[in-house]
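The values are calculated or read from the model by the stated rules, or taken from the named source; none is laboratory data. Predicted model, so just to flag it, every value in this text is computed and none were measured. Cβ sites come from the backbone with ideal geometry, for glycine too, and all protein chains shown count toward neighbours.
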Number of protein chains: 4
Amino acid sequence: MNEDPLVAIVKVKVRYSETDAIGVVWHGNYFRYFEDGREAFGEKYGLEYLYMYNNDFITPLVKIDCDYLSPLKYGETAIVETKFINTKAAKIIFEYNIYRESDNEKVATGSSTQVFITTKGEFSITTPEFYENWKQKQGLL
Amino acid sequence: MNEDPLVAIVKVKVRYSETDAIGVVWHGNYFRYFEDGREAFGEKYGLEYLYMYNNDFITPLVKIDCDYLSPLKYGETAIVETKFINTKAAKIIFEYNIYRESDNEKVATGSSTQVFITTKGEFSITTPEFYENWKQKQGLL
Amino acid sequence: MNEDPLVAIVKVKVRYSETDAIGVVWHGNYFRYFEDGREAFGEKYGLEYLYMYNNDFITPLVKIDCDYLSPLKYGETAIVETKFINTKAAKIIFEYNIYRESDNEKVATGSSTQVFITTKGEFSITTPEFYENWKQKQGLL
Amino acid sequence: MNEDPLVAIVKVKVRYSETDAIGVVWHGNYFRYFEDGREAFGEKYGLEYLYMYNNDFITPLVKIDCDYLSPLKYGETAIVETKFINTKAAKIIFEYNIYRESDNEKVATGSSTQVFITTKGEFSITTPEFYENWKQKQGLL
């Protein structure tokens, strides 16, 4: 079994429109960076939205959280690190670390949990087969 | 024929998340206020999204513009005035005026144009029947 | 001491711009609703941003989380309930419940933690005097 | 005098959070792409926000518009082309063309006008010296 965690890294430039009246990124916009992280993970490891959709599943978020350690400002670049947390439950769990590129300081950390719902709208208690296959391919079973 | 313009008014409180690093509403967020204006218009005059959708049409924007006259800040309330511009073309045209509630100053003005596309994705050159009926009911024909 | 929790309620209409490609409110936009809740709380109980700012403090978020129970859609209205969680720490903690107005179903729940930073940028370990006074006035000490 | 227009090109990946309930990029989000375009222009030609700010000027938008030609979807990448429009007025004018990367189709076009305001808040009728110098350096005078 693969002992190394699956991790994807992506750089995100802070947009001016993402800042707020005190000159830092508005807290709700970090969830855009987390989403960029999940996207990068999906591309790197073949777990894209479309792959899941073509297997008749969507994976809505049921839980998300963020701890803010240091503000990000306009002009700065965020490094988003997205780590896959292996679980036997019918869930996709990620942990995130965001770093400021200029000084490598960790500015935020968080996690998210997604569940499997069929494209017909049925909640899946068990792990879908396509996901089991993906995990096997990644050495996660 | 109705000579009075159809106008809807709606109040919108500026959200903190809508401000940017210089402490004023980010310019792109005024288009959210315009949308609140169209929504208020639709409710007042029975031209909601769902009404159109149930008549097998969606009405995507093809053109929008905004002139910024004075900045809106966090804590302020915008008054959005949405005026229907009658046209024989197969289009829905609105003009917008946004006022700051506290001093009644006009802070922005703009316009938008929407076209008719069937829910099957076909562009409509002629005005749909349901829209002709709506116009007649409003005394616009 | 006041045993009843301080709670503020505010209605928020879902904006079209807040939905995403699967037709429901994008998860990150619930934090806008939480902010509307804090705002309503501040207005009701005299704990506005400006009141704090005039007392030389800002209160940035250091932690936020949300559990998603049921999707909100365009056209729906959210009822945001914001409850003050009393703590001796130099923090402001809120809990949130969001309900769909049409059927009263709880659609999301969450919490947030804010700390006190002086307008000069210094983190405050102890509770600022103005906040102690506010708590006393609310019967929270 | 330089006859070739100054043009900057930047690629922008459509974010899931930027789509709306009919599965395409919400119209107001194209102004984020325009801003990415201005940013890319500033970097390429040395006309960044900070450069202007350090010369005691900010350049707020006074006018923006967009024509929508074809929808952009989640998963697609936009190519934003930002062209400097030379004018003797105390204004910065840009024109934008957005193309879908996959098929090179033009999906949107627009323009923006910015004015010069000193960091003390005074509107500038004449072109600031630093901007004249920048234009000279670019062969635009």
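Could you check the stretch C:21-78 and list, in sequence order, the residues that are basic (K, R) and over 15 Å from B:Y16 (Cα atoms)? Matches in the stretch C:21-78: C:K44, C:K63, C:K73. Scanning the stretch A:1-47 for residues that are in a loop (DSSP other than H, G, I, E, B) and either within 14 Å of chain C (Cβ to nearest Cβ) or over 15 Å from the mean Cα position of the chain (by Cα) (or both) turns up A:M1, A:N2, A:E3, A:D4, A:V14, A:R15, A:D20, A:A21, A:I22, A:G23, A:W26. When A:F116, A:F123 are screened for being among the aromatic types (F, W, Y) and over 19 Å from A:E48 (Cα atoms), only A:F123 passes.
In the set D:L72, D:L47, which member is farther than 29 Å from B:Q114 by Cα and hydrophobic (A, V, I, L, M, F, W, C)? Just one listed residue meets the conditions, D:L47. Checked against (1) at pLDDT below 95; (2) within 12 Å of the chain's Cα centre (by Cα), D:Y53 passes all but a single condition, namely (2).
Any residue that is over 15 Å from the mean Cα position of the chain (by Cα), surrounded by fewer than 14 Cβ atoms within 10 Å (Cβ to Cβ) and within 30 Å of D:V14 (Cα to Cα) - is there at least one of those in the stretch D:88-97? No, because not a single residue in the stretch D:88-97 is over 15 Å from the mean Cα position of the chain (by Cα), surrounded by fewer than 14 Cβ atoms within 10 Å (Cβ to Cβ) and within 30 Å of D:V14 (Cα to Cα). Scanning the stretch A:99-106 for any residue that is within 14 Å of chain C (Cβ to nearest Cβ) and under 25 Å from C:V115 (Cα atoms) turns up at least one such residue.
Of the residues making up the stretch C:73-81, one or more are at pLDDT 95 or above, in contact with a strand residue (DSSP E or B) (Cβ under 8 Å, 6 or more places away or on another chain), within 20 Å of C:R15 (Cα to Cα) and among the acidic types (D, E).
Restricted to the stretch A:63-87, and to residues there that are closer than 18 Å to A:Y131 by Cβ and in contact with a Leu (Cβ under 8 Å, 6 or more places away or on another chain), the residue that is surrounded by the fewest Cβ atoms within 10 Å (Cβ to Cβ) is A:N86.
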